[in-house]
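*Asks:* To start, I am sharing the structure in question, which I have written as structure tokens.
The values are calculated or read from the model by the stated rules, or taken from the named source; none is laboratory data. These numbers were taken from a predicted model, which means no experiment stands behind them. Quick reminder, even Gly has a Cβ in these numbers, built from the backbone with ideal geometry, and neighbours come from all protein chains shown. Side chains included, ligands, DNA and RNA excluded: accessible areas come from the protein's heavy atoms. Shrake-Rupley method; radii C 1.70, N 1.55, O 1.52, S 1.80 Å.
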Amino acid sequence: MTNSIRNCILIHYDEIAVKLGNRSWFEKQLAKNVKNQIKGLPFSSIKRFSARIFINDIDITKANQYMSKLSSVMGISSIHLMRDFKSEELDIKKNSLELLELEKDNFQTFKIFTKRQNKKFLKTSQELNAIVGEVICTKLNKKVDLKNPDIELRIELVEDRAFIGHQYNTGFGGLPVGCGENALSLISSGIDSPAASFKMLKRGVQLSYIHFHSAPATGKESIDNVKKIIDKLSEFQSSKKLFLVPFLDVQKEIMKKAPNKYWVILFRRAMIKLSCLIAKKINAKALVTGENVGQVASQTLSNINVISESANIPILRPLIGYNKKEIVNLATQIETYKISILPYEDCCGFFVPKHPETKAKIGHIKECEKDIKFDLESLSDNVIKKWSN
């Protein structure tokens, strides 16, 4: 009787594997995100077993689409395009030969890698590597190279099934988005805040975004660029909730009432206060910023401390110890860098004084704020109402 073959995708995760009593919950969230990501592509089912996720009966002609979409799902460490059939030695050799024969003009050296979850299979991983390797050497006249092969054939024996393939993509790892509650990310169209947002998505946190702009004193380029960045970040989560805050009137009031050396700090405190109001209304448990120590005047430890004092929920700073090169590398990896370097005017940078304060004291800042009058509660209501409409 012919051993029926079907095409599937085998997904590995890494960090979820160390979860103990609640691992199943994380797996379910990952499977849900996988299903949402490949919506519109054909498959029969998504199954979880043996610390793996399987997408069954895929359309092999759309393999690149599955692989590309799944590479953006947080929690996944690797994605493997596989043939799936009953684990019998003859069929493993036959299918291995067929797969590599299709690629015979594209490689000269190869490696066989076997993972044997099913310990009842009579051959060990090393024995099966040798058996299949001999077939490839003999039939296709190729050579084994264990260190730097042109192609690697992967064999996984799971329960009574064999999965073999050589096409794979790596994922970002981390935790599935949606398992870490909600946060509100203060996002500009610069390099840092999109990278910080990505780092939190990788921790499983579902993000909404808030952007402050100074139109019409500045152009609308920052708004357009931020929308492009959100589109890119939405590849890692399903939500695209963006709150746009017209901030010019608040800035004018600060500039009219406070010494210019404190402007940026006061801008940032007002942003934090308003973001906290919106976070509370959308049930976000924390704010996220792209700050890192010492990059600009407002990000000295003294100024970070003064700015943080204005918050009534935690502020998460995932890039706090990064340098600029590390941030640029991350932004390039997630494909937000080219958007972030497009021309724009930042709502804070546009009004930076020549000699900003680098070691602000909370007493001086609060004394300044006594004379500054603006209604952040009403502004937050208007921002949410505008988004809802």
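*Asks:* If the label point is 7 Å along Cα→Cβ of Glu367, which residues in the range 260-298 have backbone nitrogen under 15 Å from it?
*Replies:* 260-262
*Asks:* Still on this structure, I have one more. Which value in nm describes the separation of the simple spin-label points at Lys139 and Asn169, placed 7 Å from the Cα toward the beta carbon?
*Replies:* 2.9
*Asks:* Still on this model: Residue by residue through the range 204-214, which ³J(HN,Hα) values in whole Hz follow from phi under the Karplus form 6.51 cos²θ - 1.76 cosθ + 1.60 (θ = phi - 60°), with glycine and proline marked x?
*Replies:* Working through the residues one at a time gives x, 7, 7, 10, 10, 10, 9, 10, 9, 9, 10 Hz.
*Asks:* Relative to the longest principal axis of the C-alpha atoms of the chain, give the angle of the C-alpha long axis of helix 263-281, reported between 0 and 90° and rounded to the nearest 10°.
*Replies:* The helix 263-281 is inclined about 60 degrees to the chain.
*Asks:* Let me ask another. Lys35 to Ile313: FRET efficiency via 1/(1 + (r/R0)^6), r the Cβ-Cβ distance, R0 30 Å, to the nearest 0.05? Write down the numbers at each step before the final one.
*Replies:* On the way: r = 32 Å, r/R0 = 1.06.
The computed FRET efficiency comes out at 0.40.
*Asks:* Using only protein heavy atoms and a 1.4 Å probe, report how much of Lys361 is accessible, in Å² to the nearest 10.
*Replies:* That residue has around 120 Å² of solvent-accessible surface.
*Asks:* Related question: Using a cut-off of 14 Å between beta-carbons, work out the net charge of the residues near Lys32 (Lys and Arg +1, Asp and Glu -1, Lys32 not included).
*Replies:* Details: positive: Lys28, Lys35, Lys39, Lys47, Arg48; negative: Glu27.
Its environment carries a net charge of +4.
*Asks:* Something else: For the charge dipole of the chain, defined by +1 on Lys and Arg C-beta atoms and -1 on Asp and Glu C-beta atoms about the Cα centroid, which residue among His80, Gly180, Ile16 has the Cα displaced farthest towards the positive pole?
*Replies:* Going by the charge dipole, the pick is Gly180.
*Asks:* For a test of the definition: using alpha carbon positions, the gyration tensor, and the 1.5 limit on a/c, classify the range 290-389 as rounded, prolate or oblate. The partial results should precede the final answer.
*Replies:* Values: a/c = 1.80, a/b = 1.21, b/c = 1.49.
The shape class here is oblate.
*Asks:* For every helix of n ≥ 4 consecutive DSSP H residues, a contribution of -39,500 (n - 2.57) applies; sum these over the chain, divide by its total residues, and give [θ] at 222 nm rounded to the nearest 500 deg cm²/dmol.
*Replies:* Values: 13 runs with 147 residues, N = 389.
Calculated from helices alone, the mean residue ellipticity at 222 nm is -11500 deg cm²/dmol.
*Asks:* Another question, if that's okay. If R0 is 22 Å, what FRET efficiency do you get for Glu377 and Lys252 from their C-beta distance, rounded to 0.05? Display every interim value, and only then the final one.
*Replies:* Working: r = 19 Å, r/R0 = 0.85.
So, using R0 = 22 Å, E works out to roughly 0.70.
*Asks:* On C-alpha positions alone, give me the angle between the axis of helix 23-37 and the longest principal axis of the chain, in degrees, nearest 10.
*Replies:* The angle comes out at about 90 degrees.
*Asks:* Ignoring ligands, DNA and RNA, how do Trp25, Trp263 rank by accessible area with a 1.4 Å probe, largest first?
*Replies:* Solvent-accessible surface, decreasing: Trp25, Trp263.
*Asks:* Can you give me the long-range amide H partners of Ala286? Hydrogens built in the peptide plane at 1.01 Å from N, cutoff under 5 Å, separation of 5 or more residues or another chain.
*Replies:* Leu184
*Asks:* Moving on to the next point. Percent of accessible area on the chain owned by carbon and sulfur, 1.4 Å probe? Could you put the intermediate results ahead of the total?
*Replies:* Numbers: 9580 of 19040 Å².
Reported share for carbon and sulfur atoms: 50 percent.
*Asks:* For the range 102-116, take each phi angle, set θ = phi - 60°, evaluate the Karplus expression 6.51 cos²θ - 1.76 cosθ + 1.60, and give the result in whole Hz per residue in order, putting x for glycine and proline.
*Replies:* 5, 10, 4, 7, 9, 8, 10, 10, 8, 9, 9, 10, 10, 10, 10
*Asks:* Something else about it: Too long at a 21 Å Cα-Cα cut-off: which of Lys94/Lys143; Lys19/Lys120; Lys93/Lys142; Lys228/Lys280; Lys39/Lys62; Lys28/Lys119? Can you show the working numbers first?
*Replies:* On the way: Lys94/Lys143 18 Å; Lys19/Lys120 27 Å; Lys93/Lys142 15 Å; Lys228/Lys280 26 Å; Lys39/Lys62 13 Å; Lys28/Lys119 26 Å.
Distance filter (> 21 Å) returns Lys19/Lys120; Lys228/Lys280; Lys28/Lys119.
*Asks:* Please list, in order along the range 81-98, the HN-Hα scalar couplings obtained from phi with the Karplus expression 6.51 cos²θ - 1.76 cosθ + 1.60 (θ = phi - 60°), rounded to whole Hz, x for Gly and Pro.
*Replies:* Result, rounded to whole Hz: 7, 10, 8, 10, 7, 5, 7, 10, 4, 4, 6, 5, 5, 4, 6, 4, 5, 4.
*Asks:* Based on the Kirkwood radius over alpha-carbon pairs, what value in µm²/s does the Stokes-Einstein equation return for the translational diffusion coefficient of the chain at 4 °C and 1.567 mPa s? Could the numbers behind the result be given before it?
*Replies:* Values: Rh = 23.9 Å.
D, rounded to a whole number, is 54 µm²/s.
*Asks:* By average Cβ neighbour count within 10 Å, what is the ranking of 378-386, 269-277 from highest down? Walk me through the numbers before you get to the answer.
*Replies:* Numbers: 378-386: 14.7, 269-277: 22.1.
Per-residue Cβ counts within 10 Å, averaged per peptide and sorted highest first, yield 269-277, 378-386.
*Asks:* Give the accessible surface of the chain per residue, rounded to a whole number of Å², with probe radius 1.4 Å and ligands, DNA and RNA excluded. Kindly include the intermediate steps, with their values, before the conclusion.
*Replies:* Numbers: 19040 Å² over 389 residues.
Counting only protein heavy atoms, the per-residue value for the chain is 49 Å².
*Asks:* I want the antiparallel fraction of DSSP beta bridges within the chain, as a percent rounded to 5.
*Replies:* 55
*Asks:* Taking amide H positions as placed in the peptide plane 1.01 Å from N, state which residues far from Gln167 in sequence (5 or more) or on other chains have amide H under 5 Å from it.
*Replies:* Residues meeting the criterion, in which the H sits 1.01 Å from N, are Leu81.
*Asks:* If you don't mind, another one. With +1 on each Lys and Arg Cβ and -1 on each Asp and Glu Cβ, and nothing else charged, work out how big the dipole of the chain is about its Cα centre, in Debye to the nearest 20.
*Replies:* Values: 60 positive and 42 negative charges, 137 e Å.
Computed charge dipole of the chain: roughly 660 debye.
*Asks:* What is the calculated FRET efficiency for Leu122 to Lys325, with r their C-beta to C-beta distance and R₀ = 56 Å, to the nearest 0.05? Kindly include the intermediate steps, with their values, before the conclusion.
*Replies:* Numbers: r = 52 Å, r/R0 = 0.94.
Rounded to the nearest 0.05, the efficiency is 0.60.
*Asks:* Moving to a separate point now. Taking the Cα centre of the range 86-193 as origin and charging only Cβ (+1 Lys, Arg; -1 Asp, Glu), how large is the dipole, in debye to the nearest 20? Show your work: numbers first, answer last.
*Replies:* Working: 16 positive and 17 negative charges, 89 e Å.
My answer is approximately 420 debye.
*Asks:* With the crude spin-label approximation of a point 7 Å out along Cα→Cβ, what separation in nm comes out for Lys28 versus Phe49?
*Replies:* 1.9
*Asks:* Accessible area of His355, 1.4 Å probe, to the nearest 10 Å²?
*Replies:* About 140 Å², ignoring ligands and nucleic acids.
*Asks:* Going by amide H atoms built from the backbone, whose H comes under 5 Å of the H on Gly178, apart from near neighbours?
*Replies:* Val205, Gln206
*Asks:* Angle, helix 324-333 long axis vs. longest principal axis of the chain, Cα atoms, 0 to 90°, nearest 10?
*Replies:* 50
*Asks:* Rounded to the nearest 20 Debye, what is the dipole magnitude of the range 172-228 about its Cα centre when Lys and Arg each give +1 and Asp and Glu each give -1 at the C-beta? Don't jump to the answer; show the numbers that get you there.
*Replies:* Values: 6 positive and 4 negative charges, 25 e Å.
The dipole of the range 172-228 has a size of about 120 debye.
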